[in-house]
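I have placed the structure first, in the form of structure tokens, so that the comments after it can refer back to it.
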Amino acid sequence: MALFGEIKKPFTYDILREGEEIVLLIDLEQYPHAPSLEDDPVCMSRTVDIIAEAGIVTKIVFTQKRNYEYDYSQTIMVQEIAKLYSQLTKRRDLVGYGNLLSDPNCIRWAAQWYASIQNITADLLKRDPIGAYVELKRTARDERIKIDKSVDQTYISSAKKYISVLNYLMSLMEKTKLIEAAKQYLSGYKLGERSVYRRIFTPDIRPDFMFTKLMSTYPADGEEIDSYEIDKNTEVTIFKLPDNVQYLYHLMPPEFKLSEEKYEILDTARKIMSEHKPTRQEFIEPDRMRQVFYNIGSDLIDELVNYRNLKITSAEIDEMTKILVRYTVGFGLIEVLLQDERVQDITINSPLGETPMFIVHQDYADCRTNIVPTTPEADSWASKLRLISGRPLDEANPILDTELSIPGANSRIAVVAPPLNPSGLAFAFRRHRDKPWTLPLFMQNKMLNPLAAGILSFLIDGSRSLLIAGTRSAGKTSLLGAVLVELMRKYRVITIEDTLELPTNSLRKLGYNIQSLKVAAALSKGTSEVPADEGIRTTLRMGDSALIIGEIRSKEALALYEAMRVGALANVVAGTIHGDSPYGVFDRVVNDLQVPRTSFKATDVIVVVNPIRSADGLHRWRRVTQITEVRKHWEQDPLVEKGFVDLMKYDSKKDELEPSEELIDGDSEILKAIAGNVKEWAGNWDAVWDNIMLRANTKKTLLDYANKTNNLALLEADFVIQCNDQFHKISEQIREEIGTLDSKRIFFEWNEWLKRHVKKMDFHSKM
């Protein structure tokens, strides 16, 4: 099987223009060694020759099975040496050559001196410019020693002229960035020893089948503070850097650890598979498309392996096929990052190719990565996202909001293109947890405490309307997903989102009667999608359902409050909205989104989630900071007229939500309204409080069991839903037996069920 393209001689080159970049692409496919400016004097010498011939470039790329890319700061160093080389070889008279050769007093030594200078400026300067500088210094020093020992005035006079030439050459070299950077390492320098170059030149290395660059070497001055594996072949190392408050998230995926034979097979397979361009229809079912490409890729790689008589196991072929799919129909290293459950956000800024990706890590907050995306890769991502979403991304529509589902992760994506972003494409990926969040999981992370979880459970069962408010990345959608998990599975649920983020598919698999609706994004134009407000009004014609709104952004707010007022309160209505306080929510809903004040009163409870920062500003944690009920007696301003009453508020010293005096005293109109619809609780605050505490205790007990048995799977949605089901079944059973909701008996029966079930799970796990 022939390889694609014509076989080129080593050091054949092309000049490519990528935006403002002028890229020198040097073909070393047939070169017998790994190409390297820092290790290989031949590569250094030939590259100087090429730049002297080609002119100005801003990036050097050696292409082999991997691409070795030297950025602008490194390229300019070689560029200056090439310019100096051209100057010295074309105009020798500038450095006094002519004076040495024509002076009859120098004739005895001129040939030797000329040969020495020629060797330094025409040969050593190209392959070892640092060595050339050191050799000039040492030669000048040796000549001074000879002058001090000599009594021959003719020699002394001639040697001084020779030293002046050497000094002039050194002064030219000292103006270059390479010599300036190398000076601190020159003590004891030996010609031919290239360790200094390794301190200065560090290429980004990537396989030929990839566009994204990865800085694979560890930072020389970095302090390793953590390391873990995403899977058995992908390593993550976290470094603290001395000159930066950001941590470095260093990723080493399997595609950077393959043998040359595997690289060649993958590159050949990619070229073959790239001839097929997936259609919009194929992207509608991405899981099926991936499986088809996986099957084709696996067969192709197997055929290439057999053709070359290589010994590669089926597990290795599987790994290579997954890599191939990532770099054909997938999203490359983005997919590897999204498979890290500790990564929460990924941002890619323009212009591409100059800056690394940045992430938000659950343990180390804002980090920069060792991954540098390029323009070709970004263009490919944008095209795929257009196909997946069916939404435009062009000059007339420079904003694209959509979602991405890949094996092991889901993500919300925002893309910004010209003219809104004049320097190219920029991306923001918000990673969603693989499984739905639950209230016990949030308790484990200290986002809320058992009492807060008990109140939320009580409110949800009481069919109240909730708005979950907070700033960006505060965890609003995650908490809304946990609210969904608290709904009893007997109720029908309708979700409305412009970008699918809620865990509807997971909940559907867990037995929920759930219908997901997707509506047009607030900033979208030119799509066939239904506007959000029409989508909300449609739900009113779809029967009694809990209504969950992904995010309230625009005019759909009017429709939402219309739904809340005309009868949707037969069940829960909940959504998220940007706002850092209850009044901030009121201001946004009434003043920005133009919902009438009287309609805003349909809001029962506002739950505020916000990031809490450490005093040094380097750390942050997500916390529920307020649970506030909205009372109905006010007319103009709920803040002035005491329409907002906190049920719980965050205490920064205790790092915990604390109950308010109003809650402790039973002064909650919303909780009393729920109680008024339940015969056993009507007019009996103690019974209401008892039930809230019962719910809090069940959540706390589940958390304690999970930590005691080191089985955090107990906190996941599938088991939490079972616990909730049992809670309701046991409550109903005891109420039928004794005519009341006896909290002690309910908790005892539920706790016994939990212990039996956990033991059963442990038994099966040991089988």
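The values are calculated or read from the model by the stated rules, or taken from the named source; none is laboratory data. The model shown is predicted, which means the values in this text are computed figures rather than measured ones. For neighbour counting, all protein chains shown are included, and Cβ atoms are generated from backbone atoms with ideal geometry for every residue, glycine included. Protein only, heavy atoms only, side chains kept; ligands, DNA and RNA dropped before computing areas. Shrake-Rupley method; radii C 1.70, N 1.55, O 1.52, S 1.80 Å.
Every condition in (1) in a loop (DSSP other than H, G, I, E, B); (2) of a type outside the set (D, E, K, R); (3) at pLDDT 85 or above is met by residue 481 except one, and the failing one is (1). Taking into account only those residues within region 489-511 that are out of contact with any Leu (no Cβ under 9 Å at 6 or more places or on another chain) and polar (S, T, N, Q), which is least open to solvent (accessible area, probe 1.4 Å)? Once the filter is applied, the top-ranked residue is 499. Quick check: anything in region 140-153 of a type outside the set (A, V, I, L, M), in contact with a helix residue (DSSP H, G or I) (Cβ under 8 Å, 6 or more places away or on another chain) and in contact (Cβ under 8 Å) with a residue 24 or more places away in the chain? There is no residue in region 140-153 that is of a type outside the set (A, V, I, L, M), in contact with a helix residue (DSSP H, G or I) (Cβ under 8 Å, 6 or more places away or on another chain) and in contact (Cβ under 8 Å) with a residue 24 or more places away in the chain. Remark: pairs (first residue in region 572-596, more than 9 Å from residue 557 (Cβ to Cβ); second residue surrounded by fewer than 17 Cβ atoms within 10 Å (Cβ to Cβ); Cβ separation under 6 Å; 6+ apart in sequence or on different chains) = 580/471; 583/639; 590/597. Being within 30 Å of residue 506 (Cβ to Cβ), part of a helix (DSSP H, G or I) and among the aromatic types (Phe, Trp, Tyr) is a property that holds for residue 719. Taken together, 430, 508 contain a single residue that is in contact with a strand residue (DSSP E or B) (Cβ under 8 Å, 6 or more places away or on another chain), at pLDDT 85 or above and part of a strand (DSSP E or B), which is 430. Considering the conditions (1) open to solvent by 30 Å² or more (accessible area, probe 1.4 Å); (2) within 18 Å of residue 411 (Cα to Cα), residue 355 is excluded by exactly one of them, (2). Residues in region 672-682 include none that are at pLDDT 90 or above, part of a loop (DSSP other than H, G, I, E, B) and either open to solvent by less than 10 Å² (accessible area, probe 1.4 Å) or of a type outside the set (D, E, K, R) (or both).
Of everything in region 401-427 that is of a type in the set (S, T, N, Q) and either in a loop (DSSP other than H, G, I, E, B) or open to solvent by 50 Å² or more (accessible area, probe 1.4 Å) (or both), the residue that is farthest from residue 345 (Cα to Cα) is 423. Scan region 58-78 and tell me whether some residue there is assigned to a loop (DSSP other than H, G, I, E, B), modelled with pLDDT of 90 or more, more than 21 Å from residue 216 (Cα to Cα) and β-branched (Val, Ile, Thr). Looking for residues that are assigned to a loop (DSSP other than H, G, I, E, B), modelled with pLDDT of 90 or more, more than 21 Å from residue 216 (Cα to Cα) and β-branched (Val, Ile, Thr), one finds at least one in region 58-78, hence yes. Cβ-Cβ contacts under 8 Å between residues 6 or more apart (or on different chains), taken from a first residue in region 229-245 that is part of a loop (DSSP other than H, G, I, E, B) to a second residue that is of a type in the set (A, V, I, L, M) and open to solvent by less than 70 Å² (accessible area, probe 1.4 Å), are listed as 241/248.
One residue stands out in region 93-140 among those that are closer than 22 Å to residue 49 by Cβ, open to solvent by less than 60 Å² (accessible area, probe 1.4 Å) and modelled with pLDDT under 75: the one that is farthest from the chain's Cα centre (by Cα), namely 97. The single residue among 665, 655 that is more than 21 Å from residue 589 (Cβ to Cβ) and open to solvent by less than 100 Å² (accessible area, probe 1.4 Å) turns out to be 655. Of the residues screened, residue 700 is not one that is free of Cβ contacts under 8 Å to residues at least 12 places away in the same chain and in a helix (DSSP H, G or I).
Residue-by-condition table, conditions (1) small (Gly, Ala, Ser); (2) crowded, with 17+ Cβ neighbours inside 10 Å; (3) modelled with pLDDT under 90; (4) part of a loop (DSSP other than H, G, I, E, B):
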| residue | (1), (2), (3), (4) |
| --- | --- |
| 13 | no, yes, no, no |
| 16 | no, no, yes, no |
| 26 | no, yes, no, no |
| 31 | no, yes, yes, yes |
| 37 | no, yes, no, yes |
| 42 | no, no, no, no |
| 45 | yes, yes, no, no |
| 49 | no, no, no, no |
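Conditions (1) over 15 Å from residue 441 (Cα atoms); (2) buried (at least 18 other Cβ atoms within 10 Å of the Cβ), marked per residue:
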position	(1), (2)
691	yes, yes
699	no, yes
710	no, no
740	yes, no
747	yes, yes
755	yes, no
761	yes, no
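The one condition from (1) over 23 Å from residue 603 (Cα atoms); (2) touching a helix residue (DSSP H, G or I) at 6+ places or on another chain (Cβ under 6 Å); (3) at pLDDT below 95 that residue 418 does not meet is (2).
Of the residues in region 640-648, not one is in a helix (DSSP H, G or I), surrounded by fewer than 18 Cβ atoms within 10 Å (Cβ to Cβ) and over 39 Å from the mean Cα position of the chain (by Cα).
Within region 141-182, being assigned to a helix (DSSP H, G or I), open to solvent by 70 Å² or more (accessible area, probe 1.4 Å) and over 18 Å from residue 120 (Cα atoms) holds for 144, 145, 146, 148, 149, 153, 160, 177, 180. Scanning region 246-264 for residues that are open to solvent by 10 Å² or more (accessible area, probe 1.4 Å), in a helix (DSSP H, G or I) and either over 19 Å from residue 318 (Cα atoms) or of a type in the set (Asp, Glu) (or both) gives 260, 261, 264. Taking region 600-639 as the range and being open to solvent by less than 10 Å² (accessible area, probe 1.4 Å) and not in a loop (DSSP other than H, G, I, E, B) as the test, the residues that pass are 600, 605, 606, 607, 608, 609, 624, 627, 628, 629, 630. Do we find a residue being in contact (Cβ under 8 Å) with a residue 60 or more places away in the chain, of a type in the set (Lys, Arg), at negative phi and in contact with a Lys or Arg (Cβ under 8 Å, 6 or more places away or on another chain) anywhere in region 396-414? Yes. I'd like to verify a number: residues in region 217-232 that are modelled with pLDDT under 90 and either open to solvent by 50 Å² or more (accessible area, probe 1.4 Å) or touching a Gly at 6+ places or on another chain (Cβ under 8 Å) (or both), how many? Result for region 217-232: 6. Scanning region 183-195 for residues that are part of a loop (DSSP other than H, G, I, E, B) and either hydrophobic (A, V, I, L, M, F, W, C) or open to solvent by 80 Å² or more (accessible area, probe 1.4 Å) (or both) turns up 186, 187, 190, 191.
Taking (1) closer than 20 Å to residue 406 by Cα; (2) at pLDDT 85 or above; (3) over 25 Å from the mean Cα position of the chain (by Cα) in turn, residue 253 satisfies each apart from (3).
If you go through region 450-464 and keep only what is buried (at least 24 other Cβ atoms within 10 Å of the Cβ) and either touching a strand residue (DSSP E or B) at 6+ places or on another chain (Cβ under 7 Å) or aromatic (Phe, Trp, Tyr) (or both), you end up with 452, 455, 459.
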